[in-house]
Each structure stands twice: as C-alpha cells, then as structure tokens.
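Just below is one structure, and these are the notes that go with it.
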Amino acid sequence: MIQPPATLGLLGGGQLGRYFVQAALEMGYAVWVLDPDPASPAGRLATRHLCQPFDDPAALEALAGQCAVITTEFENIPRAAIEWLDAHACLRPGPRALTIAQDRLEEKAFLGEIGVAVAPWQALWAGAALRPPLIDEGPAFPAILKTARLGYDGKGQVRLAHADELVQAHAELGGVDCVLEQQVDLEREVSVLVARTPDGHVEAFPVAENSHRDGILHLTRVPARLDEPTRERATAIAQRIAECLEYQGVLAVEFFLTVNGELLVNEIAPRPHNSGHYSLDACTVSQFHQQVRAICGLGLAPAMLTTPVAMVNLLGDLWPASTAPDWQGVLEAGRARLHLYGKTKARPGRKMGHVNVLGLPGEDDAIAAASTAESLWQGLSDAAGGPAARGDA
Ligand code: ATP
Ligand code: MG
C-alpha cells in the first residue's frame, strides 16, 4: 500500500492527468508529471513538471528514482519508455495492458482470445499487397479503415462504402498497419469504467451512454438507456477484460450496442476516460480518486451514482477567434457544473472543458439533464456561430 505523502508519477499532462493530479494532491500525495508541453494542463498543477519528451532518459530516471508508482493518462507512450520504466520502477498499469491498448490489431487479437465479441475486422499490414475484395469471412462494407496506432477522436480513420476504395484509403493513411472494421448499425454506444487493484479487487462505475459528433464524444448521460441484462453484460465484460489483463488502475471499455442487440467492444483505454467525467459531480467517487486508490493499492471506493447526470464536451469550436465563450448561461443554470482545463490555445476539435448537468436526486433517468446539457451547448454554439448555428452538424 502506497500511502501519502509518497510521490506519484504520471506520464502525460492533459486534462485527464490534471484531474489525477488534483485528486492525488487532495489525498496528500505529491505528483511528478512528464509531458513535453510547457503549458500542459496537468504539469501546471503538479508538484513538479518534467517538461521533456516521453523517451528522455534523464526524465525517466528522475521519475523512477522519485516516484513510488508511475501511471499514465495517455496511451501513446513509446514502448521503449514503458519497458524501461517497468524494469526500473513500479508502473501501473503494466506494459502488457499499455501495449495492447496502443495497437488496435493487438487489442482485437487479445479480445478475440478472451472470447469478447468485436465488430468483424481484418488486419491490413503495411507493405502487404491489397487485393480487394478481401477474404470471404472478412468485414462487409461499408467499413472503416483505422490506423492500428496513434488514432484518437476519430483521427486516423477513413470510412469506405466499397472495397474498391481500399487501396486509396490505405495510401491516404500513409500505408501503415491498419485494421479494416465493419461499420455496424448502432443502437447506442456505451462505456464502462472499471478500477482494479494489484491484489485483484474490482469496482465498476455505472454504465454511461455516449453520443458523438464528427467522431468526437459530445454528450454522455447516466444512467444509460439500457435494459438490465445488457447493463449487467457490459459491466461483466469490462470486469472480465480488467481481470484477464491483471489490470492495475482505471480502465475504460467502449461498447457498441447494435440494432440486433449484440454488445461489441469497440476499444479499451488504459486510463480514465472522457465519458467518465460525470463521476466528478455525480458519483460516490470520481474516476480520478479511484485511479489514485487503485494504483496505490488502497481499498477501492464503491462507485455509485448519486444523481442522474449528463455531460457535454466543450470543444475549441466554441472559442471563435480564440475568445472564450460567455459562461453566464451555464453559470446561471443551477444544476450545471462548469469544468475548464486551463488550456490557453483553443483549436477546433480540441477538448477545452465540459459541463456536468445534474438531474434531481431520485429521478430514475437522465432525460432532463441531457436536454439541459444539450441546450446549454446549443446556446454556446449559436453564440460562436459554430456548426450547430450554421445547421451543418
Ligand atoms: P476516441 O478517441 O474518441 O475513443 P477513436 O479515434 O479511438 O475515438 P473509435 O472509438 O474507433 O475512434 O471511433 C470513434 C467513433 O466512430 C465511435 O465512437 C463510433 O461512433 C464511430 N465508429 C467507429 N468504429 C465504428 C464501427 N465499426 N461501426 C460503427 N461506428 C463506428
Ligand atoms: Mg473511441
């Protein structure tokens, strides 16, 4: 058990890291953050910000020497750095979970091995000759070609209506290793966060329901609109993945619920997740406090919903000409909680903050919260002359 005032290490300095730092500081720990960005949201709050590349040997040595445990808020840490830290320090989650989650091909292979259903897929290796149509039992079209590594927020993906678009799409993605995935007919998207301690205790958060705009998470509502057996199935699958990985920390599992009622795993993230931000204001423990507990081997807190909630993301599109929105409407909505990540530069698609809208305790759905969240967002978007205002969402 790693108790305060130990120093914890964090690879990555984005908003997920910022909340981790806040939670750890609150609990009496010190936190060292490694991130090359001098304006990193987590680095600015950390006890110490090592402003170096993730593979900087001196910075890795400093982390290993100082930190009782090192974790990550960002999956694309170079493999050599992960392996070095695993050999010289206590890295949680460990290298297996991190490398599987870094690579869609490894991730799909792993999920297949443990018997978890995913959308039909096929590997497309860099340099291999592409001869569409593909193997008979492969994915049907329309399909999505995704780079195996380094994709996020829908980047590194091309949608294909027909097999004959494959060669060009693969070239557009730089001819790197890719996965070709069947586009499934979605009823809903949901996600489950689970925490697991080194001694094997697991605690799942309530299932979240997610909607996306342009491949980026837009709105999360909890409770998700699911029947009880599906809710239980999603939770059990997420727990099973954490167990099979002997996971240490907080893990996010994204699911597709198809129109046929199949529950497929989309992807996993070896860290807290944007869709878990509702837990900051509407749970008995936040995903970040739970992350501190899990990696330090403390007991996990029960993760129960205290009130229905909807979270809406605030992207840089709401900052026209880099001017911050007028927050009055959000601040006046008594059940809304404004979160901003302290980022100084806004860009379209960049996650700048979010709003959690709390429903009334005791209500058994999040409909009112979701519609308030949506209308607050719409007001901001209209004021910014953004996509919703132009009607081209
Ligand atoms: P994020 O970083 O937001 O998790 P990502 O870049 O890792 O995104 P994915 O999760 O693979 O990308 O896809 C983003 C979104 O695109 C999904 O949440 C879903 O809405 C849609 N999508 C992706 N793959 C499929 C699929 N096979 N069938 C239907 N929709 C899909
Ligand atoms: Mg995703």
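Quick one: which of LEU150, LEU111 is touching a residue at least 40 places away in the same chain (Cβ under 8 Å) and open to solvent by less than 50 Å² (accessible area, probe 1.4 Å)? That would be LEU111, the only listed residue that is touching a residue at least 40 places away in the same chain (Cβ under 8 Å) and open to solvent by less than 50 Å² (accessible area, probe 1.4 Å). Evaluation of GLN22 against the conditions (1) open to solvent by less than 10 Å² (accessible area, probe 1.4 Å); (2) under 16 Å from PHE288 (Cβ atoms); (3) outside any loop (DSSP other than H, G, I, E, B); (4) not basic (Lys, Arg) shows that the sole unmet condition is (1). Which of the residues that make up segment 142-183 are touching an Asp or Glu at 6+ places or on another chain (Cβ under 7 Å) and either assigned to a loop (DSSP other than H, G, I, E, B) or closer than 16 Å to LYS108 by Cβ (or both)? ALA143, ILE144, LYS146, ALA148, ARG149, GLY154, listed by residue number.
A quick yes/no check of all residues on (1) away from ligand 1 (no atom under 15 Å from the Cβ); (2) β-branched (Val, Ile, Thr):
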position	(1), (2)
VAL192	no, yes
GLY215	no, no
ARG231	yes, no
PHE255	no, no
THR258	no, yes
LEU264	no, no
HIS273	no, no
SER286	yes, no
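Say whether the condition of being at negative phi and either touching a His at 6+ places or on another chain (Cβ under 7 Å) or within 11 Å of ligand 1 (Cβ to nearest atom) (or both) is met by at least one residue in segment 241-252. Yes, because at least one residue in segment 241-252 is at negative phi and either touching a His at 6+ places or on another chain (Cβ under 7 Å) or within 11 Å of ligand 1 (Cβ to nearest atom) (or both).
Give GLY200, GLY175 a once-over and let me know the one that is away from ligand 1 (no atom under 16 Å from the Cβ), more than 20 Å from the chain's Cα centre (by Cα), open to solvent by less than 50 Å² (accessible area, probe 1.4 Å) and over 26 Å from PRO142 (Cα atoms). It is GLY200. Residues that are part of a helix (DSSP H, G or I), charged (D, E, K, R) and crowded, with 19+ Cβ neighbours inside 10 Å were ranked within segment 83-108; the one that is farthest from the chain's Cα centre (by Cα) is LYS108. Number of residues in segment 136-162 that are more than 16 Å from ligand 2 (Cβ to nearest atom) and touching a strand residue (DSSP E or B) at 6+ places or on another chain (Cβ under 8 Å) equals 7.
The condition (being within 16 Å of ligand 2 (Cβ to nearest atom) and either under 30 Å from ALA294 (Cα atoms) or not charged (D, E, K, R) (or both)) is satisfied by just one residue among GLN122, GLN102: GLN102.
Number of residues in segment 258-282 that are over 17 Å from the mean Cα position of the chain (by Cα) and either hydroxyl-bearing (Ser, Thr, Tyr) or surrounded by 24 or more Cβ atoms within 10 Å (Cβ to Cβ) (or both): the value is 2. In the set (1) out of contact with any Lys or Arg (no Cβ under 9 Å at 6 or more places or on another chain); (2) more than 24 Å from GLN287 (Cα to Cα), LEU91 fails one condition alone, (2). Once segment 42-65 is narrowed to residues that are without any contact (Cβ under 8 Å) to a residue 24 or more places away in the chain and part of a strand (DSSP E or B), the residue that is most open to solvent (accessible area, probe 1.4 Å) is ARG48.
Number of residues in segment 242-257 that are more than 15 Å from ligand 2 (Cβ to nearest atom) and over 21 Å from PHE20 (Cβ atoms) equals 3. Annotation: of all residues in segment 178-197 being acidic (Asp, Glu) and surrounded by fewer than 18 Cβ atoms within 10 Å (Cβ to Cβ), the one that is farthest from THR230 (Cα to Cα) is ASP185. Quick check on segment 273-280. Is at least one of its residues in contact with a Pro (Cβ under 8 Å, 6 or more places away or on another chain), part of a loop (DSSP other than H, G, I, E, B) and under 24 Å from ASP153 (Cα atoms)? Within segment 273-280 (the criterion being in contact with a Pro (Cβ under 8 Å, 6 or more places away or on another chain), part of a loop (DSSP other than H, G, I, E, B) and under 24 Å from ASP153 (Cα atoms)), the answer is no, since none of the residues qualifies.
Quick check on GLU203: is it away from ligand 2 (no atom under 16 Å from the Cβ) and either in a strand (DSSP E or B) or modelled with pLDDT under 95 (or both)? Answer is yes for this residue. Among residues of segment 204-217 that are more than 17 Å from SER381 (Cα to Cα), those with a beta-carbon under 7 Å from a residue that is within 12 Å of ligand 1 (Cβ to nearest atom) and outside any strand (DSSP E or B) at least six positions away or on a different chain give the pairs ALA208/SER275; ASN210/SER275; GLY215/ASP153; GLY215/GLY154.
The values are calculated or read from the model by the stated rules, or taken from the named source; none is laboratory data. Only a predicted model underlies this, so the values are computations on that prediction, with no experimental measurement involved. Glycine also receives a Cβ, built like all others from the backbone with ideal geometry; neighbour counts cover every protein chain displayed. Just the protein is used for accessible areas: all its heavy atoms, side chains included, with ligands, DNA and RNA removed. Shrake-Rupley method; radii C 1.70, N 1.55, O 1.52, S 1.80 Å.
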